[in-house]
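First the structure, in the form of structure tokens, and then the observations on it.
The values are calculated or read from the model by the stated rules, or taken from the named source; none is laboratory data. All of these numbers come straight from a predicted model, not from anything done at the bench. Here the Cβ positions follow ideal geometry from the backbone for every residue, glycine too, while neighbour counts run over all protein chains shown. Areas reflect the complete protein model, heavy atoms only, side chains present, ligands, DNA and RNA absent. Shrake-Rupley method; radii C 1.70, N 1.55, O 1.52, S 1.80 Å.
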Amino acid sequence: MDGLFARNGFAEDRVWTPQGDYGRYQCETPCTRETWPSRPIVEAALATYDVLTGESGTVPSCPRCGERCS
Ligand SMILES: [Zn+2]
């Protein structure tokens, strides 16, 4: 999901996204069912993104347990 429903006036709690939502991320473990907004981790990755290698200096981690996130 790309968040277009919410950005166009639909109540977020009324939109069902069975295949996930790119606007949210979650713990890979998972330690919780909670999700968080993706924008801050995407902006952090872009700030260190190297166009020559395609690598970024940041790896997102879970705000709750510190494990890797997807
Ligand atoms: Zn976690």
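Specify the residue that is nearest to the ligand (Cβ to nearest atom); the eligible residues are those in the range 37-49 that are open to solvent by 60 Å² or more (accessible area, probe 1.4 Å) and over 22 Å from residue 19 (Cβ atoms). Across the range 37-49, the extreme among qualifying residues is 40.
When we screen 69, 27 for residues that are under 13 Å from the mean Cα position of the chain (by Cα) and at pLDDT below 85, the only hit is 69.
Tell me, which residue of the range 8-34 that is more than 16 Å from the ligand (Cβ to nearest atom) and exposed (fewer than 10 other Cβ atoms within 10 Å of the Cβ) is nearest to residue 68 (Cα to Cα)? If you could, list the steps in order and put the result at the bottom.
Taking the range 8-34 and keeping what is more than 16 Å from the ligand (Cβ to nearest atom), we get 8-23.
With the extra rule that they be exposed (fewer than 10 other Cβ atoms within 10 Å of the Cβ), the set shrinks to 8-9, 11, 13-14, 16, 18-19.
Working: 8: 32, 9: 33, 11: 30, 13: 27, 14: 29, 16: 25, 18: 22, 19: 20 Å.
My answer is 19.
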